[in-house]
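The values are calculated or read from the model by the stated rules, or taken from the named source; none is laboratory data. Note that the structure is predicted; figures quoted are calculated from it, not measured. Please note: Cβ atoms are built from the backbone with ideal geometry, for glycine as well, and neighbour counts cover all protein chains shown. To get the accessible areas, we keep the full protein, side chains included, count just its heavy atoms, and leave off ligands, DNA and RNA. Shrake-Rupley method; radii C 1.70, N 1.55, O 1.52, S 1.80 Å.
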Amino acid sequence: MRCWRWASGGAVLADVARLAWLAVRERAGRSALAALGVFIAFLALATALSIGETFKGVVEEAFQRLGLNTVWILPRFRPLTEADVATVSALLPTAVVIPMTGEGAKARLPDGSERDVMIYYVPPEAVDVLIPRDALKSGVMSIGGSLALVSTRVKMAGDVPLEPGMPVTLERSTGPPLEVTAAGVVDLSGIAGPLGGGDVFVDRALSAVEGYALIYVITDSPQTAEKAAARLTPYFPDATILSPQVLARQVGQFAAVAQLGLGVLAGVSALITAMWLYDTMTISILQRTKEIGIMRAVGFKRRHILAVILAESLIVIAMGIAAALPALFLISQISIPIGFGAALKLRIAPVAVLASAAVVLAANLLGALAPAYRASRLNIVDALRYE
């Protein structure tokens, strides 16, 4: 008896699936339009959520390059002094405190060509901390005395590439010309941070500029950096204290709100599609009233009628989502220029895809539920008499 019930239940489920598929095929035009609505709703929602994830990922990477465990102290009205450096060192005894400054200059290269450059004056012992070892392309990672590090931009500025050991004359506005020798060539094109815009790096003892334009603090963790920024703020009321960790959190919160807004706007399309499917199912049921009466007369129960209508809706929804997945993949392959030679690609997060599919599925099934319920409650006699 139990085996017969299982077999009977399986046969009913097979009939439900078959009848739902036949209904979709018989009304191919209307089903295609409903699937198109699902396609648009799912694509819009998945794209909107992925835009938010892409923005958050780009911001996170940018702040990671800046150093989430760092604090930047920038003067507003006057240069920072040795006394300021000593204050920071006393307040944060376990941190690495690096004062630096910079100025524009004109570099005269060995071939006689000239180039406008940015000189950064940094402590020699801080070079290994500030510049990644893999950024060194040739020569040695060393400054001090007349030795300097030059960027690849300076190396390729003249007609003859600048190599380690070659002399460079730096004509400054704050002091006499500075004669240095290139100790090494570094590539900082992909590096963000205090030295990201520099061209020539020399010992800070060679600076004729009074004070410092930046005190760069390196802590042992992002959490420590956030606490350090809060501790330093009362002691430097006339300076701007930046912590990439704090900025990253603030921008992340803004990105989350923006993503929610985009999701709500895109979610409106899911509601419109649900109404569209409601209308489609309502018209379909009116056209099939007599058919539903015959199904009831031959033994289909109300729950079976409900299952047929919902299965039909589910097929239409699945067709729309399945058609949108390749389109979503193609969109993710498009590069969007964002300036400075960089381009951005949409990151399709699996979570965003699953969330979009769930929202579209739920909205459209709810839209089809009312017509399906009404179909299941039709009176058999009235349905058979319907013309």
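Tabulated values for the structure
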| read-out | value |
| --- | --- |
| Three-way shape call for the range 203-253 based on the alpha-carbon gyration tensor, with the a/c threshold at 1.5 | prolate |
| Three-way shape call for the range 183-225 based on the alpha-carbon gyration tensor, with the a/c threshold at 1.5 | oblate |
| Hz values of 3J(HN,Hα) by residue in the range 301-308 - Karplus curve (6.51, -1.76, 1.60), Gly and Pro given as x | 8, 4, 5, 5, 4, 4, 5, 4 |
| Amide H within-cut-off set for K137, under 5 Å, with H built and near neighbours excluded | V185, V186, D187 |
| Whole-Hz ³J(HN,Hα) from phi, Karplus 6.51 cos²θ - 1.76 cosθ + 1.60, for the range 148-155, glycine and proline x | 9, 9, 10, 7, 5, 4, 6, 4 |
| Whichever lysines have a C-alpha closer than 29 Å to that of K106, once near sequence neighbours (fewer than 8 apart) are set aside | K137, K155 |
| Nearby lysines by direct alpha-carbon distance to K290 (threshold 23 angstrom, same-chain neighbours under 8 apart not counted) | K301 |
| Mean projected area (nm²) of the alpha-carbon convex hull when the range 50-170 is viewed from all directions | 11.1 nm² |
| 5 angstrom amide H check on G102, placed H, neighbours 5+ away | Y121, A213 |
| More than 24 Å apart - percent of Cα-Cα pairs taken over the range 84-235 | 34 percent |
| Gyration tensor (Cα) of the range 283-376, equivalent ellipsoid semi-axes in angstrom | 43, 11, 9 |
| Phi to ³J(HN,Hα) by Karplus 6.51 cos²θ - 1.76 cosθ + 1.60 over the range 80-88, Hz, x for Gly, Pro | 6, 10, 4, 5, 5, 4, 5, 5, 4 |
| Efficiency of FRET from Cβ geometry, R302 and E26, R₀ 35 Å, rounded to 0.05 | 0.95 |
| Mean separation of Cα contacts under 8 Å (6+ apart) over length of the range 41-200, as relative contact order % | 23 percent |
| L366/A327 FRET efficiency (R0 30 Å; Cβ-Cβ; nearest 0.05) | 0.75 |
| Semi-axes of the equivalent ellipsoid for the range 156-200, Cα gyration tensor, largest first, Å | 20, 17, 9 |
| Residue-normalised accessible area of the range 20-173, given per residue in Å² at a 1.4 Å probe | 47 Å² |
